[in-house]
Amino acid sequence: MWTSCCTWATTYYLYEYPVSGAVRQVEVPDHLAAETVTLEQYRARYGLYKSDPDLRAAHARFPWVAVLDDHEVDNNWAGAAPAADAELARRSAAFQAYYENLPLRRAALPEGPTMGLHRRISWGRLADLTVLDTRQYRDDQPCGDGFSSDCPDRFAPDRTLLGAEQRDWLLEGFASSPARWHVLGNQVPMAQTDVDPGADTRVWLDPWDGYVAERDRVLAEATALGVRNLVVVTGDRHQNYAAELKADHTDPDSATVGTEFVGTSISSSRDGEDLGEQGRAILAANPHLRFVNEQRGYVRCLVTPERWQTDFRVVPYVTRPDAPVSTRAGFVVEDGHPGLLEG
């Protein structure tokens with residue numbers, strides 16, 4: 001029997017914001033109290049993060065598949081948007097430091113403000129992991145970014161999160177993959193995440209909700225090209241989600257065409273809680289979301305030819321050591337059935 005296991009948490013490796021010593025009442029050196037812009041500052045920030053013994057232990061113990069999102073450079077940056085020379089210089093510095101500090105292939109070696117991050121990793125006939133890059137090639141966020149309940153531009157048919165070349169490469173992989181499970185390693189949530197349980201649909205514009213036509217096309221092509229089991233694994237949100245991907249997220253009765261598991265952060269947002277005000281609103285507003293949780297932790301997946309098992313592993317606190325870890329919820333996807341079962 002072929003079996004594979006993986007874990008993941010949010011896609012940010014670090015934050016570019018100035019470091020604050022307020023929580024632990026410590027004095028922060030000037031080079032860390034500033035926002036990261038230069039190569040020296042990014043290198044210093046990685047040095048700070050890698051001074052953590054738990055992070056070092058994780059690198060020593062496990063293989064990593066690394067891909068950046070926004071904060072390794074700058075909040076919500078969009079690679080295809082017009083960029084000033086200073087922005088391109090900052091991106092070049094961030095990419096260089098990222099390559100120096102993460103386990104990446106030679107093909108990812110940066111060339112100034114560009115680097116090759118999307119790639120495929122295969123586990124024989126069991127699973128193909130397609131690692132996406134949803135930052136370098138995306139159009140600028142519509143309607144000024146943020147939240148919106150009335151942004152028609154998010155539905156524009158020519159808007160892209162992936163860029164045409166990466167999207168074609170993704171669809172080619174759908175057509176040619178012999179794997180039982182096709183997994184997308186994805187930075188920002190793909191399933192619609194409405195934050196308004198009322199009549200309005202109020203969504204973040206940075207994730208796939210700001211690029212609806214491309215999301216619908218990718219999901220439709222996966223179905224048309226015969227992808228047997230589409231599973232999307234995602235970070236970004238500092239929350240745990242288990243979601244069913246719909247052919248049309250505006251129609252709750254449309255076909256379920258895939259499954260998405262969004263993993264929480266390991267430490268960002270401090271201790272969190274099981275389900276706060278925002279989490280309750282998201283759960284109420286999105287019938288395709290079967291589970292929402294706002295604690296810290298990680299997501300564990302066990303994959304066989306017959307089933308995909310996902311366990312949401314959480315801790316009650318991260319602001320002090322030795323927190324006990326437990327499984328908050330578990331879900332199963334059965335081979336050939338793109339929906340969620342509790343398990």
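The values are calculated or read from the model by the stated rules, or taken from the named source; none is laboratory data. Every value quoted in this text rests on a predicted model; they were computed, and no experiment measured them. Glycine gets a Cβ as well: all are built from the backbone with ideal geometry, and neighbour counts include every protein chain shown. The protein model used for the area step is the full one, side chains on, heavy atoms only, and it has no ligands, DNA or RNA in it. Shrake-Rupley method; radii C 1.70, N 1.55, O 1.52, S 1.80 Å.
The table for this structure:
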quantity: Test: residue in the range 130-141 that is open to solvent by 20 Å² or more (accessible area, probe 1.4 Å), over 19 Å from the mean Cα position of the chain (by Cα) and under 15 Å from ASP70 (Cα atoms); calculated: no
quantity: Pairs with Cβ under 7 Å, 6+ apart, first in the range 24-44 and within 13 Å of ASN101 (Cα to Cα), second aliphatic (A, V, I, L, M); calculated: LEU39/ALA93; LEU39/ALA97; TYR42/ALA93; TYR42/ALA94; TYR42/ALA97; ARG43/ALA97; ALA44/LEU32
quantity: Yes/no for ALA58 being more than 25 Å from ARG105 (Cα to Cα), of a type in the set (Gly, Ala, Ser) and at pLDDT below 95; calculated: no
quantity: For LEU184: the one exception among (1) assigned to a strand (DSSP E or B); (2) open to solvent by 10 Å² or more (accessible area, probe 1.4 Å); calculated: (2)
quantity: Verdict on GLY198 being open to solvent by 30 Å² or more (accessible area, probe 1.4 Å), touching a helix residue (DSSP H, G or I) at 6+ places or on another chain (Cβ under 9 Å) and either farther than 19 Å from ARG290 by Cα or not charged (D, E, K, R) (or both); calculated: yes
quantity: Residue match in the range 256-267 (condition: without any contact (Cβ under 8 Å) to a residue 60 or more places away in the chain and hydroxyl-bearing (Ser, Thr, Tyr)); calculated: yes
quantity: Which listed residue, of ASP158, ASP168, is part of a loop (DSSP other than H, G, I, E, B), among the charged types (D, E, K, R) and over 17 Å from the mean Cα position of the chain (by Cα); calculated: ASP158
quantity: Filter result for VAL232 (under 14 Å from the mean Cα position of the chain (by Cα) and either open to solvent by less than 30 Å² (accessible area, probe 1.4 Å) or of a type in the set (Gly, Ala, Ser) (or both)); calculated: yes
quantity: Pick from the range 1-30, criterion over 26 Å from the mean Cα position of the chain (by Cα) and open to solvent by less than 80 Å² (accessible area, probe 1.4 Å), ranking: modelled with the lowest pLDDT; calculated: ALA22
quantity: Residues that are open to solvent by 30 Å² or more (accessible area, probe 1.4 Å), assigned to a loop (DSSP other than H, G, I, E, B) and either of a type outside the set (S, T, N, Q) or in contact with a Cys (Cβ under 8 Å, 6 or more places away or on another chain) (or both), drawn from the range 63-101; calculated: PRO63, TRP64, VAL65, ASP74, ALA80, PRO82, ALA83, ALA84
quantity: Count of the range 197-208 residues which are within 15 Å of the chain's Cα centre (by Cα) and either at pLDDT below 95 or under 20 Å from PRO338 (Cβ atoms) (or both); calculated: 1
quantity: Index of the failed condition, GLU334 passing every other in (1) open to solvent by 60 Å² or more (accessible area, probe 1.4 Å); (2) over 23 Å from GLY226 (Cα atoms); (3) not small (Gly, Ala, Ser); calculated: (2)
quantity: Residue in the range 25-46 that is among the hydroxyl-bearing types (Ser, Thr, Tyr), over 30 Å from THR319 (Cβ atoms) and in a helix (DSSP H, G or I) present; calculated: no
quantity: Per-region count, the range 275-324, residues assigned to a helix (DSSP H, G or I), crowded, with 17+ Cβ neighbours inside 10 Å and either over 20 Å from the mean Cα position of the chain (by Cα) or modelled with pLDDT under 95 (or both); calculated: 2
quantity: Which listed residue, of ALA33, ALA78, ALA66, ALA58, is over 17 Å from SER265 (Cβ atoms), within 23 Å of the chain's Cα centre (by Cα) and not hydroxyl-bearing (Ser, Thr, Tyr); calculated: ALA78
quantity: Scan of the range 219-255 for residues that are more than 24 Å from VAL332 (Cβ to Cβ) and aliphatic (A, V, I, L, M), ordered by number; calculated: ALA220, ALA224, LEU225
quantity: Count of residues meeting criterion [of a type in the set (Asp, Glu) and in a strand (DSSP E or B)] in the range 107-151; calculated: 2
quantity: Residue ID - most open to solvent (accessible area, probe 1.4 Å), chosen from residues in the range 215-228 that are out of contact with any Gly (no Cβ under 7 Å at 6 or more places or on another chain) and either within 18 Å of LEU340 (Cβ to Cβ) or among the aromatic types (Phe, Trp, Tyr) (or both); calculated: THR223
